[in-house]
Amino acid sequence: MLVLVLGGNSEIGLAAAKQFAEKEKADIILASRNLEKARENARDISEEFGVRAEGMAFDATAFDTHPKFYNDLADKPDIVIQAFGVLIKQQECQEDFKKARQVIDGNLTGAISILEIVARDFESRGAGTIIGLSSVAGERGRKSSYIYAAAKSGLTVYLDGLRHRLYGSGATAITVLPGFVPTKMVAGRSSKFGVTPLETAGKDIYEAWKKGRHKIYTGKKMRWVMAYIRNLPESVILKRRDL
Ligand SMILES: NC(=O)c1ccc[n+]([C@@H]2O[C@H](COP(=O)([O-])OP(=O)(O)OC[C@H]3O[C@@H](n4cnc5c(N)ncnc54)[C@H](OP(=O)(O)O)[C@@H]3O)[C@@H](O)[C@H]2O)c1
């Protein structure tokens, strides 16, 4: 088994990759903008789990490079974990469209660009799983994060539609909705709705694949927390200035 992690230095992506290395003895490719760091992480995985692991250069927003990146892979992956993502403070995105665009491209456009290429390959081989990391943020627009949330909402719908397209082909897509996981992306931030430990997030992603699930939250409580938030009346949300 070969697992390709796009955004290969993502802490959640790495936690999931380690589960596949440990439990399936999967070989791992970490594809990242930071090749040096990806190689370092690959060496660690290789030493810890006795699998082949390597780093590769990949930029999710260099859209034109995506066909060549995928075509050049000597062995095509069985599982692709789309782990890259960009979070910039909402206020900064409101004030500067360039930043809003980075968030939209880094979470949504880049995912569509590379995953359409992967999906074509998986469809023609009649096998393979795409695991996309979206976010609970995309389930309800709130003033604290609505540009990131809009991009993630788009990604969630994209992954749902991709799974529908692939149904019956032998290939599939899993939508992952992490809640708050303490990684470098959210350093300095806190959560009102609980924290999912990094290792739990990695295990939940692996279990979702193992059990053939379509869409999951990471962490046990998140499904119920989000059911509550999704169902709050708009008139209540509008008055909550802290969300
Ligand atoms: N942590 C949370 O609470 C949380 C909650 C919900 C959803 N998520 C989502 O889960 C995914 C993983 O996040 P994480 O928590 O593991 O954060 P992370 O450790 O910061 O990982 C995000 C990774 O995305 C990579 N990236 C950003 N732009 C890229 C680009 N243009 N090309 C290639 N890679 C790029 C970054 O790579 P560099 O190393 O090159 O900067 C970084 O390593 C993200 O999609 C995030 O939105 C996270």
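Observations, loosely collected:
- Residue list for region 193-215, filter: among the β-branched types (Val, Ile, Thr) and part of a helix (DSSP H, G or I): 200, 205
- Checking 58, 49 one by one, the residue that is within 26 Å of residue 135 (Cα to Cα) and among the aromatic types (Phe, Trp, Tyr) is 58 and no other.
- Residue count for region 143-193, restricted to those that are under 24 Å from residue 220 (Cα atoms), among the aliphatic types (A, V, I, L, M), more than 10 Å from the ligand (Cβ to nearest atom) and over 12 Å from the mean Cα position of the chain (by Cα): 2.
- Restricted to region 194-220, and to residues there that are without any contact (Cβ under 8 Å) to a residue 40 or more places away in the chain and within 14 Å of the ligand (Cβ to nearest atom), the residue that is farthest from the chain's Cα centre (by Cα) is 194.
- Hey, residue 188 in contact with a Lys or Arg (Cβ under 8 Å, 6 or more places away or on another chain) and exposed (fewer than 13 other Cβ atoms within 10 Å of the Cβ) or not: no
- Residue match in region 218-234 (condition: at negative phi, in a helix (DSSP H, G or I) and in contact with a strand residue (DSSP E or B) (Cβ under 6 Å, 6 or more places away or on another chain)): yes
- In region 73-94, the count of residues that are of a type outside the set (A, V, I, L, M, F, W, C), touching a Ser or Thr at 6+ places or on another chain (Cβ under 8 Å), in contact (Cβ under 8 Å) with a residue 60 or more places away in the chain and under 30 Å from residue 142 (Cα atoms) is one or more.
- A Cβ distance below 8 Å, combined with a sequence gap of six or more or placement on separate chains, defines the contacts here; from region 167-192, residues that are touching a residue at least 60 places away in the same chain (Cβ under 8 Å) and outside any loop (DSSP other than H, G, I, E, B) reach residues that are of a type outside the set (S, T, N, Q) and within 13 Å of the ligand (Cβ to nearest atom) in the pairs 184/11; 185/11; 185/85; 185/87; 186/87; 186/180.
- Tally of residues being outside any strand (DSSP E or B) and crowded, with 23+ Cβ neighbours inside 10 Å across region 119-134: 2
- Unique match (being modelled with pLDDT of 95 or more, under 27 Å from residue 95 (Cβ atoms), out of contact with any strand residue (DSSP E or B) (no Cβ under 8 Å at 6 or more places or on another chain) and of a type in the set (Ser, Thr, Tyr)) among 146, 167: 146
The values are calculated or read from the model by the stated rules, or taken from the named source; none is laboratory data. Fair warning: this is a prediction, and the values are worked out from it, not measured in the lab. As a convention, Cβ positions derive from the backbone with ideal geometry for all residues, glycine included, and neighbour counts pool all protein chains shown.
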